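Inspection log for the structure reproduced underneath, given as structure tokens.
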Amino acid sequence: MAMDKDTWIAENLIPKNTEINTSRRPRLNVKSVGVNVGYRKTKFTLCVLGSWAIYMPPYNLARLVGLMREAGYPTTVYDFNVESHYALKEANTNLDDAWNGANYWWWQGDEYYKRIHPTYEPILKEYLEILLADEPDIIGFSTYYTNLLPTKWMITEIRKRRPDITIVMGGPECHENYYKKPPEVDYYFIGESEQNILDFLEKICKQKRIQA
């Protein structure tokens, strides 16, 4: 099978670090993230659904989770993208190449609903139960053009079952000019969101204290 673009990049272009560089200077015009540490009750769950590059770990989610946990928020993260890669192939051998970058169009429009969703929906239902079992106050989704439709399905189902949960979106898809926030989504983030999401959580916690 031909190597897809993401695999080729991971194996040929991404530098392989063999030692830690302790002499690296801070990058110019980059601000430090301000973390207010404390004990928080607001529970946050983050996840990414298929499809995206399985050889590119979701560093963006790892970074956000690290900051939120440092600030004291109980935070859980799920890489459902990688799990979906194997689950879909096991459930339907015709989807062996669904994560091949050349087949991105399988995840678009009618093609997605005809080719992938009938197999993916039972898997998504299992993930839905996992997300709701955490009893989160907020669920956030990292979105790309190839996982937008399964993400919208998940958001719709969460809203049916737990309308009290705050739903947020982020990721490259939210940066696009054509992006429109789905009505079921409460907030979305544009760009690097480390500081934004911490500020957002501070406001959410403050609102809850006022309402209480």
Exercise. State the percentage of accessible surface on region 77-130 attributable to carbon and sulfur atoms; use a 1.4 Å probe and exclude ligands, DNA and RNA.
Key: 49
Quiz item: Any idea how far the Cα center of region 163-179 sits from the one of region 119-133, in Å?
Solution: 20
Self-check item: Where labels lie 7 Å past Cα in the beta-carbon direction, separation of Asp97 and Asp199 in nm
Solution: 4.6
Practice problem: Report the FRET efficiency, 1/(1 + (r/R0)^6), for Ala133 and Asn177, where r is their Cβ-Cβ distance and R0 is 41 Å, rounded to 0.05. | Solution: 0.65
Quiz item: How far apart, in nm, are the 7 Å Cα→Cβ label points at Ala62 and Tyr187?
Solution: 2.6
Quiz item: Where nothing but the Cβ of Lys and Arg (+1) and of Asp and Glu (-1) is charged, how large is the charge dipole of region 90-151 around its Cα centre, in debye to the nearest 20?
Solution: 280
Quiz item: Structure shown: which of Lys114/Lys180; Lys43/Lys203; Lys125/Lys160; Lys89/Lys160; Lys41/Lys203; Lys125/Lys181 lie over 21 Å apart, alpha-carbon to alpha-carbon?
Solution: Lys114/Lys180; Lys89/Lys160; Lys125/Lys181
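The values are calculated or read from the model by the stated rules, or taken from the named source; none is laboratory data. Keep in mind that this is a model prediction, so the values were computed, not measured. Note that each Cβ is placed from the backbone with ideal geometry, even for glycine, and that neighbours are counted across all protein chains shown. Calculation scope for accessible area: heavy atoms of the full protein, side chains included, ligands and nucleic acids excluded. Shrake-Rupley method; radii C 1.70, N 1.55, O 1.52, S 1.80 Å.
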